[in-house]
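The values are calculated or read from the model by the stated rules, or taken from the named source; none is laboratory data. Keep in mind the model is a prediction, meaning the values are calculated, not measured. Reconstructed Cβ throughout: ideal geometry from the backbone, glycine too, with neighbour counts over all protein chains shown. For the accessible areas, the whole protein counts, side chains as well, though only heavy atoms, and no ligand, DNA or RNA atoms are used. Shrake-Rupley method; radii C 1.70, N 1.55, O 1.52, S 1.80 Å.
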Amino acid sequence: MVTKTIEKTIKFKLIPLTSCDRNQLVSLLNDYTLMVKDTLDIIIKNDVRSRKGAHKLCYGVLREKYPHLHNKFVQEAYKRALAMYRSYRKLLNKWKRLPKKKKSRLSPPSPPKVEDNRVIELHIDTYKLDRIHGFLVLTVSKGSGVYLRFLVMEYGYARKEVEGARLGNSKILVEGDEVYLLLTICKNVEVNEHRNKLFIDINEDSVDCLMVNYDKNEAVLFSIRHDIRKIRTNYRRIRKSIQEKVKHSRLRDTLLAKYGYRERKRIEDRLKKITTLLAEIAREHNADLVKENLKDLRLNGRKRSKQLNYRLSTFPYRRFIEYIDYKFNERGLSVLEAEAKGTSIICPICGYIDKRNRVDKERFRCRRCSFTFNAQHVACLNLFSRSNDGRVAIRSGRLFLISRKTAQVVAVNVAPDEPPTEMRWLREKPVQVIKILKIT
């Protein structure tokens with residue numbers, strides 16, 4: 001048993017208790033924006049790259065200029081400015097490493113600027129939540145004895161999450177006349193190891209899975225189809241069209257930001273649905289997750305076409321893995337890793353490695369032993385072997401999973417198309433569970 005700390009951000013709508021609280025909020029937002037701008041100017045001018053250096057140069061200057069603000073706002077301001085500058089440095093270094101011919105066509109990234117800021121970072125010491133007469137009230141210390149109070153609009157799910165959880169650094173988001181609290185909560189969860197396993201192979205248009213349930217002596221091969229590739233390619237076409245047809249720079253930047261935001265939200269929606277579905281399946285079968293190593297996944301597609309490289313390189317593997325880790329650990333399930341290199345071209349029966357084993361996207365045929373199977377599911381079988389759970393074998397013309405840990409032999413049969421768990425909440429959402437193969 002291992003205890004892990006997970007963080008979750010919950011969004012609440014805030015209502016200022018008085019008109020004075022709203023005015024103080026606007027004043028705090030303006031002061032905080034100016035503070036971030038001043039900090040960013042100092043960091044860029046002195047090329048500061050560490051938090052210690054930013055504190056040394058910025059803290060005294062900002063405290064003298066903004067004595068009426070809580071000192072923790074100064075700390076959050078230079079942390080935010082430093083993060084913006086580090087991101088700019090990464091883009092600049094990436095541009096510098098480009099070939100001369102390509103670099104001549106692309107302009108270097110612009111230094112970061114603070115424009116239209118709508119967020120106030122709240123250190124844990126600058127706010128508190130109190131329940132007064134059954135209502136949740138947020139109190140924010142602006143500094144110099146000034147406090148802002150807001151009524152927090154709760155809902156059932158959030159109430160259960162907040163009660164008993166530790167609070168972390170959070171944010172206030174101002175969108176026109178609406179005010180929101182992005183509350184960060186921290187919870188300790190107990191993560192146990194289970195003998196049942198869910199193996200997943202991540203592809204650009206599907207997540208292929210192998211569920212091995214030793215308790216019931218059964219397993220299921222299935223695929224979760226998604227449209228992330230289609231979303232990426234469509235928005236890439238839209239961006240290219242905007243860059244070619246819109247000549248006005250400000251309008252072009254506005255349109256690119258608008259469609260970029262839509263793309264990010266749609267991709268995030270798909271990732272959350274896929275990972276939640278996987279976590280619910282694993283919880284129903286009391287199974288840990290075995291996934292491919294992220295570093296191995298990033299190697300895929302480097303020597304292929306430019307368009308395919310784009311699709312593979314822009315798939316949000318890291319974000320997907322973050323959601324996987326969080327959702328499985330939240331349910332008390334472990335997440336394990338296995339080497340991903342060559343899982344789609346290695347024969348799970350004889351171990352023969354050849355790129356020609358992968359006939360096409362859907363078919364796998366070993367050139368040594370003639371083992372033929374669905375190419376998308378071969379990687380899951382290889383992950384089963386590499387995780388030290390057992391090996392894959394053929395006996396009397398049938399496919400078996402032979403477990404080393406439980407000394408069980410599980411035979412593979414084709415079953416009707418039906419999801420491994422009933423998910424009514426997933427209806428009419430663009431995630432499909434298809435191609436079910438049941439192992440009994």
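Scanning the stretch 29-43 for residues that are touching a Cys at 6+ places or on another chain (Cβ under 9 Å) and open to solvent by 10 Å² or more (accessible area, probe 1.4 Å) yields Asp38, Ile42.
Report yes if Asp201 is in contact (Cβ under 8 Å) with a residue 60 or more places away in the chain, of a type in the set (Asp, Glu) and either over 30 Å from Cys380 (Cβ atoms) or in contact with a strand residue (DSSP E or B) (Cβ under 7 Å, 6 or more places away or on another chain) (or both), otherwise no. Answer is yes for this residue.
Contact map, the stretch 348-371: first residue touching a residue at least 24 places away in the same chain (Cβ under 8 Å), second residue open to solvent by 50 Å² or more (accessible area, probe 1.4 Å) and assigned to a strand (DSSP E or B), Cβ cut-off under 6 Å, separation 6 or more or different chains; pairs are Ile349/Ile394. When the stretch 104-120 is filtered for residues that are in contact (Cβ under 8 Å) with a residue 40 or more places away in the chain and among the hydroxyl-bearing types (Ser, Thr, Tyr), nothing remains.
Yes/no per residue for (1) loosely packed, with under 11 Cβ neighbours inside 10 Å; (2) not aliphatic (A, V, I, L, M):
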{"position": "Ala54", "(1), (2)": "no, no"}
{"position": "Tyr59", "(1), (2)": "no, yes"}
{"position": "Val74", "(1), (2)": "no, no"}
{"position": "Ala81", "(1), (2)": "no, no"}
{"position": "Asn93", "(1), (2)": "yes, yes"}
{"position": "Pro99", "(1), (2)": "yes, yes"}
{"position": "Arg105", "(1), (2)": "yes, yes"}
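Kindly evaluate Arg250 against the criterion of being open to solvent by 50 Å² or more (accessible area, probe 1.4 Å), touching an Asp or Glu at 6+ places or on another chain (Cβ under 6 Å), modelled with pLDDT under 90 and not acidic (Asp, Glu). Against the criterion (open to solvent by 50 Å² or more (accessible area, probe 1.4 Å), touching an Asp or Glu at 6+ places or on another chain (Cβ under 6 Å), modelled with pLDDT under 90 and not acidic (Asp, Glu)), Arg250 does not qualify. Of the residues making up the stretch 27-57, those that are among the hydrophobic types (A, V, I, L, M, F, W, C) and in contact (Cβ under 8 Å) with a residue 60 or more places away in the chain number 5.
So that you can scan it fast, the table gives a plain yes or no per residue for (1) in a helix (DSSP H, G or I); (2) farther than 15 Å from Cys209 by Cα; (3) without any contact (Cβ under 8 Å) to a residue 60 or more places away in the chain; (4) open to solvent by 50 Å² or more (accessible area, probe 1.4 Å):
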| residue | (1), (2), (3), (4) |
| --- | --- |
| Phe222 | no, no, no, no |
| Thr233 | yes, yes, no, no |
| Arg237 | yes, yes, yes, yes |
| Gln243 | yes, yes, yes, yes |
| Tyr261 | yes, yes, yes, yes |
| Arg270 | yes, yes, no, no |
| Leu289 | no, no, no, no |
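For the stretch 108-154, which residues satisfy the criterion of being open to solvent by 90 Å² or more (accessible area, probe 1.4 Å) and basic (Lys, Arg)? Within the stretch 108-154, Lys113, Arg118, Lys128, Arg131, Arg149 qualify.
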